1. Given the criteria open to solvent by 10 Å² or more (accessible area, probe 1.4 Å), assigned to a loop (DSSP other than H, G, I, E, B), in contact with a helix residue (DSSP H, G or I) (Cβ under 8 Å, 6 or more places away or on another chain) and within 12 Å of chain B (Cβ to nearest Cβ), does A:Gly127 qualify?
2. With B:Ala288, B:Ala312 as the choices, which residue is surrounded by 14 or more Cβ atoms within 10 Å (Cβ to Cβ) and under 27 Å from B:Ala134 (Cα atoms)?
3. Identify, by number, the condition in (1) open to solvent by 20 Å² or more (accessible area, probe 1.4 Å); (2) within 14 Å of chain B (Cβ to nearest Cβ); (3) not in a helix (DSSP H, G or I) that A:Arg56 doesn't meet.
4. (1) polar (S, T, N, Q); (2) away from ligand 4 (no atom under 16 Å from the Cβ); (3) not in a helix (DSSP H, G or I): which one isn't true of A:Gln98, the others all being true?
5. Mind telling me which of the residues A:Met108, A:Met1 ends up being surrounded by fewer than 18 Cβ atoms within 10 Å (Cβ to Cβ) and within 21 Å of B:Leu30 (Cβ to Cβ)?
6. I'd like to check which strands (runs of 3 or more DSSP E) are fully inside region B:1-104 and have at least 3 residues that are closer than 27 Å to B:Tyr117 by Cβ and within 12 Å of chain A (Cβ to nearest Cβ).
7. From the list A:Leu147, A:Leu134, pick out the single residue that is farther than 26 Å from A:Tyr101 by Cα and either open to solvent by 10 Å² or more (accessible area, probe 1.4 Å) or within 19 Å of the chain's Cα centre (by Cα) (or both).
8. Output yes when any residue across region A:68-80 is closer than 22 Å to A:Thr10 by Cβ, modelled with pLDDT under 95 and not small (Gly, Ala, Ser), and no when none is.
Amino acid sequence: MDVTLTVNGTPHVLEIDDPRVSLLDALRQRLDLTGTKKGCDHGQCGACTVIVNGRRINSCLTLAVMHEGDEITTIEGIGTPGDLAPLQQAFIRHDGFQCGYCTPGQIMSATAMLEELRQGWPSQVTGDLGSPALSDDEIRERMSGNLCRCSCYPNIVDAIREVAGKAAEGAA
Amino acid sequence: MKAFDYARAATPADAIGTDARIIAGGTNLLDLMKLQVETPARLIDINHVGLDGVERDGEGLRIGALVRNSDLAAHPAVRQDWPLLSRAILAGASPQLRNRATTGGNLMQRTRCYYFYDVDAPCNKRVPGSGCGAIGGVNRIHAILGASDHCIATYPGDMAVALSALDAVVEVEGPGGRREIAATDFHRLPGDRPDLDTELQPGEMILSVRLPAPLGGRQIYRKVRDRRSYAFALVSVAAVVTMRAGRMDRVRLAFGNVAHKPWRAPAAERMLTGQAPSPELFARAAEAVLEGARGQGHNDFKIPLLRRTLAAVLAEAVQETE
Ligand SMILES: Cc1cc2nc3c(=O)[nH]c(=O)nc-3n(C[C@H](O)[C@H](O)[C@H](O)COP(=O)(O)OP(=O)(O)OC[C@H]3O[C@@H](n4cnc5c(N)ncnc54)[C@H](O)[C@@H]3O)c2cc1C
Ligand code: SF4
Ligand code: FES
Ligand code: FES
């Protein structure tokens, strides 16, 4: 079966003979986009987070064949060493990682999370479901799908708060 | 993972009455397939059949089976009129998973019993007749209500607990036509057939879930677990309470992760209805919920935990703000 995936703006036609290949394995092994990491392969860690049609998902718990025609953004589409995205710069500034294994997933997740917040999506810790506002509690809850084995959580929150704050100033 | 054939359904009819296994978000099925707990020979992908809208249905709401958990929780009407449902969904899984997970798939998610997940262990749910590893084994997350000698697993989900309290209806279609199943009856007790989680018959597909008219009042979903987020409940309580002249007028209670199904508590609801709230009454209501409750050893703590969580939820629910 041929599957067309548009990854970071470039369409790729993949010939997939065995439908068992996950979207994660297709990205890493077929397209050599190894920035997206495999931690648990069971939806429990968030290392494999990518953005599909504007939504963050775990690429380990979905089949490549289920994404015919989809637009996928991976960490390689977010920034490059010479042209880092604001979140990537903030992670460096705030020491938001040690080993770095969870970091691509954290950045992808945070990128989509800021958009969800902009659209007014509530979270478990939102007091009034109608009007969520940015706070450290909200950042922690909304990033809870990304584990960090090095436990850089406080610095990750600092990095995201800085970028979210700047975005809010820019919008105001 | 065992090999399988894959096909895409263009319409619900393509997925109804076949022996292929439905795949929606895939967040539960693929997890279990990787472990060979589930080994379907054929998958039918229903992500492109539609059924992904939320519509007004009289005073209620009709939710398509393919509506993603995150869209449902954020839907303005749900936030406004059925906040219990938003709260329950947002308490479950992670944002990434909720972006994929569907209404139908969430209802059909399977137990998190450790022995069910371990293909080398005995489990009557996975292999009927093989025994139950959890009885006399490690059973901290297991049932205190409605269990059987064959299986003590819990239904692990959150959304369905709210749907049960809200008296939602599940609309399904099979080769013989459409039918409706009350959310309170959708999941089964294990009895001597723990391999059957729900009343859904082979060949049937969930089309939608209907919510009846809003109940108003205070709506609380309290989930107690080992960490604050991204973990299944040990005990959860869904409560809707409306007040009239200082008395509880309408009361709906459902409990999660204490039984093989979301556990409604009609006797406790009746006991509270029409009464003025008091800690003594809440304690008696908890005893009514826990009638027949039995711990399995490691999960004995769930009995006092349910008692205390219910008391706290009711105390919060009867505070009148408006
Ligand atoms: C790490 C992790 C943590 C989680 N934490 C929680 C939690 O705290 N609370 C919680 O409630 N859930 C939790 N979940 C479970 C999650 O909510 C479910 O995996 C999800 O809701 C399943 O939906 P899906 O669409 O992905 O289902 P799928 O995986 O696609 O399908 C699940 C089952 O439903 C069947 N099915 C799907 N759609 C239909 C239909 N329309 N008609 C008939 N059958 C159908 C499939 O055949 C399959 O058997 C967690 C999952 C993971 C991986
Ligand atoms: S409790 Fe149920 S699911 Fe768990 S091992 Fe026993 S039979 Fe299997
Ligand atoms: S690798 Fe996908 S969530 Fe861990
Ligand atoms: S930086 Fe090492 S896992 Fe997060």
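1. On the way: open to solvent by 10 Å² or more (accessible area, probe 1.4 Å): yes; assigned to a loop (DSSP other than H, G, I, E, B): yes; in contact with a helix residue (DSSP H, G or I) (Cβ under 8 Å, 6 or more places away or on another chain): no; within 12 Å of chain B (Cβ to nearest Cβ): yes.
Against the criterion (open to solvent by 10 Å² or more (accessible area, probe 1.4 Å), assigned to a loop (DSSP other than H, G, I, E, B), in contact with a helix residue (DSSP H, G or I) (Cβ under 8 Å, 6 or more places away or on another chain) and within 12 Å of chain B (Cβ to nearest Cβ)), A:Gly127 does not qualify.
2. Numbers: B:Ala312 fails: under 27 Å from B:Ala134 (Cα atoms).
Just one listed residue meets the conditions, B:Ala288.
3. Among (1) open to solvent by 20 Å² or more (accessible area, probe 1.4 Å); (2) within 14 Å of chain B (Cβ to nearest Cβ); (3) not in a helix (DSSP H, G or I), A:Arg56 violates only (1).
4. (2)
5. Details: A:Met108 fails: surrounded by fewer than 18 Cβ atoms within 10 Å (Cβ to Cβ).
Going through A:Met108, A:Met1 in turn, the sole match is A:Met1.
6. Working: elements: B:5-8, B:21-23, B:42-45, B:54-57, B:60-64.
In region B:1-104, the matching strands (runs of 3 or more DSSP E) lie at B:42-45.
7. Values: A:Leu147 fails: farther than 26 Å from A:Tyr101 by Cα.
None of the other options fit; the residue is A:Leu134.
8. Initial filter on region A:68-80 (closer than 22 Å to A:Thr10 by Cβ): A:68-80.
Those left that are additionally modelled with pLDDT under 95: A:80.
Those still in the list that are not small (Gly, Ala, Ser) too: A:80.
Yes, region A:68-80 contains at least one residue that is closer than 22 Å to A:Thr10 by Cβ, modelled with pLDDT under 95 and not small (Gly, Ala, Ser).
The values are calculated or read from the model by the stated rules, or taken from the named source; none is laboratory data. Everything numeric here is computed off the predicted structure, so don't read it as measured data. A quick note on method: Cβ atoms are made from the backbone with ideal geometry, for glycine too, and the neighbour counts reach across all protein chains shown. Calculation scope for accessible area: heavy atoms of the full protein, side chains included, ligands and nucleic acids excluded. Shrake-Rupley method; radii C 1.70, N 1.55, O 1.52, S 1.80 Å.
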